[in-house]
1. Looking only at the range 87-101, which residues are touching a helix residue (DSSP H, G or I) at 6+ places or on another chain (Cβ under 7 Å), at pLDDT below 65 and loosely packed, with under 14 Cβ neighbours inside 10 Å?
2. Residue by residue through the range 33-46, note down the ones that are part of a helix (DSSP H, G or I) and either within 15 Å of the chain's Cα centre (by Cα) or loosely packed, with under 13 Cβ neighbours inside 10 Å (or both).
3. Among the listed residues 30, 58, 84, identify the single one that is modelled with pLDDT under 80, in a helix (DSSP H, G or I) and either exposed (fewer than 11 other Cβ atoms within 10 Å of the Cβ) or more than 15 Å from the chain's Cα centre (by Cα) (or both).
4. Based on this model, can you work out whether residue 13 counts as surrounded by 12 or more Cβ atoms within 10 Å (Cβ to Cβ), part of a helix (DSSP H, G or I) and at pLDDT 85 or above?
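The values are calculated or read from the model by the stated rules, or taken from the named source; none is laboratory data. Since we're looking at a predicted model, the values are computed, not measured. A quick note on method: Cβ atoms are made from the backbone with ideal geometry, for glycine too, and the neighbour counts reach across all protein chains shown.
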């Protein structure tokens, strides 16, 4: 599997995840229709979904990586995701930027 295959697989998985989240949110809101509950946290999460989708879409259209003959190491999509979690840029449970929930 090439690095591009890794990126393509990650984009597909993240796109499916975002779609699943959007569907789950719609289902939750439908179930809560007419029930007196505070959905502000859910609304905040939903507001962050376009940014997540835009990030995923940007991966699909990212320019090809140019490497020189002296560069021998590149990170796979999985390694990049693990790095983002380690650096605190992505929540390990939700896969989203911290503070969106």
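1. Within the range 87-101, 101 is the sole residue that qualifies.
2. 40, 41, 43, 44, 45, 46
3. None of the other options fit; the residue is 58.
4. Yes, satisfied.
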